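Participant: Take this structure first; my questions come after.
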Amino acid sequence: MSKKDNIKQSEEVSIIINDSSSTKEKLQKIACLLNEENITSFSVGIKRRTQKKYIKAKTTQGKMHISQMDASGIYIEQSIQLPQYDRKDKNARRKMVKSLHYDNFCQDDIADILDISQSTVSNDLKKK
């Protein structure tokens, strides 16, 4: 997905959220968008430490798209292609954590990407 597509999709979601339809109708429209983009998981939240709002979506190809809004209302877009790994294998998870940390992701971001706690990330970075 190109940056132009990301902007288009963000605009579509903004239009859906700001229109006058009911919550159920808005969710149905968002579900259609997610289906069109082959998205397998989608979450919206607020980062614990920074209080920044974020949207996280994972595609069928294992690509993770993350959008964050900083205090000034500017969106920060990231796309990450995660290799397949066994979530039950601690050594594989540790390698993934260290790889993301090496790529300059902070512990909170790594935790969000891998759906683990920040303390798990911290502990994994301490292990050899």
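The values are calculated or read from the model by the stated rules, or taken from the named source; none is laboratory data. Everything quoted here is computed from the prediction, not taken from an experiment. Note: ideal-geometry Cβ built from the backbone for every residue, glycine included; neighbour counts use all protein chains shown.
Participant: Please find, among K47, K63, K58, the residue that is closer than 30 Å to Q28 by Cβ, among the charged types (D, E, K, R), at pLDDT below 80 and surrounded by 13 or more Cβ atoms within 10 Å (Cβ to Cβ).
Facilitator: Working: K63 fails: at pLDDT below 80; K58 fails: at pLDDT below 80.
The match here is K47.
Participant: How many residues does the range 88-128 hold that are in a helix (DSSP H, G or I), under 22 Å from Y54 (Cβ atoms) and small (G, A, S)?
Facilitator: Count: 4.
Participant: Can you find a residue in the range 73-84 that is in a loop (DSSP other than H, G, I, E, B), surrounded by fewer than 12 Cβ atoms within 10 Å (Cβ to Cβ) and at pLDDT 75 or above?
Facilitator: Taking the range 73-84 and keeping what is in a loop (DSSP other than H, G, I, E, B), we get 73-74, 82-84.
Now drop any that are not surrounded by fewer than 12 Cβ atoms within 10 Å (Cβ to Cβ), which leaves 73-74, 83-84.
This time we only want the ones that are at pLDDT 75 or above, so: 83-84.
For the range 73-84, residues in a loop (DSSP other than H, G, I, E, B), surrounded by fewer than 12 Cβ atoms within 10 Å (Cβ to Cβ) and at pLDDT 75 or above: present.
Participant: Here's a follow-up. Are there any pairs with C-beta distances below 8 angstrom linking a residue in the range 92-108 that is over 17 Å from Q118 (Cβ atoms) to a residue that is outside any helix (DSSP H, G or I), with the two at least 6 apart or on different chains, and if so which?
Facilitator: Close Cβ pairs (under 8 Å, with a partner that is outside any helix (DSSP H, G or I)) amount to A92/Y85; A92/D86; K95/Y85.
Participant: Only one of S117, S41, S122, S99 is closer than 26 Å to Q28 by Cβ and of a type outside the set (K, R). Can you tell me which?
Facilitator: Working: S117 fails: closer than 26 Å to Q28 by Cβ; S122 fails: closer than 26 Å to Q28 by Cβ; S99 fails: closer than 26 Å to Q28 by Cβ.
After applying the criteria, what remains is S41.
Participant: If we keep just the residues of the range 91-128 that are of a type in the set (D, E, K, R) and touching an Asp or Glu at 6+ places or on another chain (Cβ under 8 Å), which is nearest to Q61 (Cα to Cα)?
Facilitator: We begin by selecting, within the range 91-128, every residue of a type in the set (D, E, K, R); these are 93-95, 98, 103, 108-109, 112, 115, 124, 126-128.
Still in the running and touching an Asp or Glu at 6+ places or on another chain (Cβ under 8 Å): 93-94, 98.
Details: R93: 19, R94: 22, K98: 22 Å.
Going through the qualifying residues, I end up with R93.
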